[in-house]
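Okay, structure first, notes after.
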Amino acid sequence: MLSRLNNGLEHALLALGVACLVGFVGCVMLEVFSRAVFGQSFIWTLDAATILFLWSVFVVAPIAFRHDAHLQITLFTLAPAGAAGQLHRLALLVINLVFALAYTYLTWLALTLGLGRVNAATGWPLEIGWASMLVLGLASLMFIVERFVHATPVGTSAAPNSSTGRDLGRLGQG
């Protein structure tokens, strides 16, 4: 049940990430075009590109975590065999959980403290960017809970149908 829910979450995050990346590229191209043709840029393209870039990165980062396709410090992820290895992997999972909880909570605080503040140039709410980081925290928590439920250690993919968890071409296909 949780894996199916997380598969749906992964597909939604991936689609949103791709859409944001396409929007980011479009905004940058429009910025370059407007400067080349009109000699000045539109006031909103830089802000839109920044927001779309934030969203494109922060919504796909939890997917990389789920598939273990993210940067790892192998000193910590290479575990000994046997019971010591199981304890080591559990400790790493708990550390990931504590970090994700703290990250999500602190992002929520930052988001709520900034409520009502707007960008001076465009008038857009600043929460638009902060919300992407909250999505990162919440999605990471969902994927960490999945690892606890399915007893999937750090260093192996929690996503179904993933052989090594390191094949970036398979993201979103699990």
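Pairs linking a residue in the stretch 70-90 that is more than 28 Å from F58 (Cα to Cα) to a residue that is modelled with pLDDT of 75 or more and of a type in the set (D, E, K, R), with Cβ atoms under 9 Å and 6 or more positions apart or on different chains, are A79/R89. Within the stretch 32-61, the set of residues being more than 26 Å from the chain's Cα centre (by Cα) and of a type outside the set (S, T, N, Q) comprises V32, F33, R35, A36, V37, F38, G39, F42, I43. Among residues of the stretch 118-130 that are under 16 Å from A49 (Cβ atoms), those with a beta-carbon under 6 Å from a residue that is part of a helix (DSSP H, G or I) and among the hydrophobic types (A, V, I, L, M, F, W, C) at least six positions away or on a different chain give the pairs I128/I51; G129/I51; G129/L54.
Listed by position, the helices (runs of 4 or more DSSP H) contained in the stretch 1-72 that have at least 2 residues being closer than 17 Å to T122 by Cβ and modelled with pLDDT of 95 or more are 2-38, 45-58. Working only within the stretch 15-29, note down all residues that are within 15 Å of the chain's Cα centre (by Cα) and closer than 9 Å to S56 by Cα. Matches in the stretch 15-29: L16, G17, V18, A19, C20, L21.
Exactly one residue out of G123, G114 is surrounded by fewer than 16 Cβ atoms within 10 Å (Cβ to Cβ), small (G, A, S) and in contact with a strand residue (DSSP E or B) (Cβ under 9 Å, 6 or more places away or on another chain): that is G114.
Results for (1) part of a helix (DSSP H, G or I); (2) farther than 20 Å from S3 by Cβ; (3) modelled with pLDDT of 90 or more, shown as yes or no for each residue.
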residue: L106; (1), (2), (3): yes, yes, yes
residue: L109; (1), (2), (3): yes, yes, yes
residue: T112; (1), (2), (3): yes, yes, no
residue: L115; (1), (2), (3): no, yes, no
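The values are calculated or read from the model by the stated rules, or taken from the named source; none is laboratory data. Model, not experiment: these values are computed from the prediction. With ideal geometry, Cβ positions are generated from the backbone for all residues, glycine too; neighbour counts draw on all protein chains shown.
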